Amino acid sequence: MLSFVWRLIRSVVLTLLVVVASYALAAVAGSSIPVNGDWRQAESGVRIYVIDNGVHTDLVLPVTAEGVDWRGLLKPEDLADPAQAARSHVAFGWGDRDFYLNTPSWSKMEPGRALSALVGAGRTVLHVAHIAEPKADTRVRAVVLRPEEYRRLAAYVLGTFSGRASVHGYAGNDAFYAAKGGYSAIWTCNQWTGEGLRRAGVKMGAWTPFTFAVMRWL
């Protein structure tokens, strides 16, 4: 009996290792295939940023640029501290609602919530933070878009919102908004970021489930 249980455990562990390894290899391969291969960054235009915290990426856009004014959608009263809405930029991140709302830091991550998110079991939200303009570094990449490229990116982000329902975020400057789409191991927060950049016309990998898959092109 013990030998059977051991063989079963070993089989399950080996299967999981194969699945994880295959997923990682697929991510490397998918992110290596360029979309919009001829794209080059504009010399002037709208400067946006992509922030990488090691696990998740955010798109950072100016509050107002090229006819796009986020103040019409993102109201000061959505924030615990309405004065924070006066900041110059807005960071947008997309993800599983239950995981996002209950994981203010990675130290608070619960495996059950992470697994539920990966299998696409719940609703999604946009996490929106009002921030000062970031400074580019190894974790923050600046990208200059042409006006039409920026408007396509903004339209993509706007199209992810689902109604006006909002919940206060982790601090005074951020909030959560109901979003469209289903989070899964295939369509992750980083795939959402990569898709926005692809639609804008930016050179990007075909599949970007991890942060490195997005940042390697910027």
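What follows draws every value from the coordinates through simple rules; no lab data is involved. Since the structure is predicted, the reported quantities are computational estimates derived from the model, not experimental observations. Virtual Cβ from ideal backbone geometry, glycine too; neighbours counted across all protein chains shown.
Remarks
- For the stretch 33-215, size of Cβ-based charge dipole, Lys and Arg +1, Asp and Glu -1, in debye: 240 debye
- Counting only residues at least eight positions apart within a chain, or on another chain, the aspartates and glutamates with an alpha carbon under 16 Å from that of K135 are D52, D58.
- Gyration tensor (alpha-carbon) shape descriptor, the stretch 33-215, a/c threshold 1.5: oblate
- In this simple spin-label model, placing a label point 7 Å from the Cα along the Cα-to-Cβ direction at both A206 and S184 gives a separation of 1.9 nm.
- Selection from T208, A178, V35 lying farthest towards where the dipole of the stretch 33-215 points positive, charges on Cβ: V35
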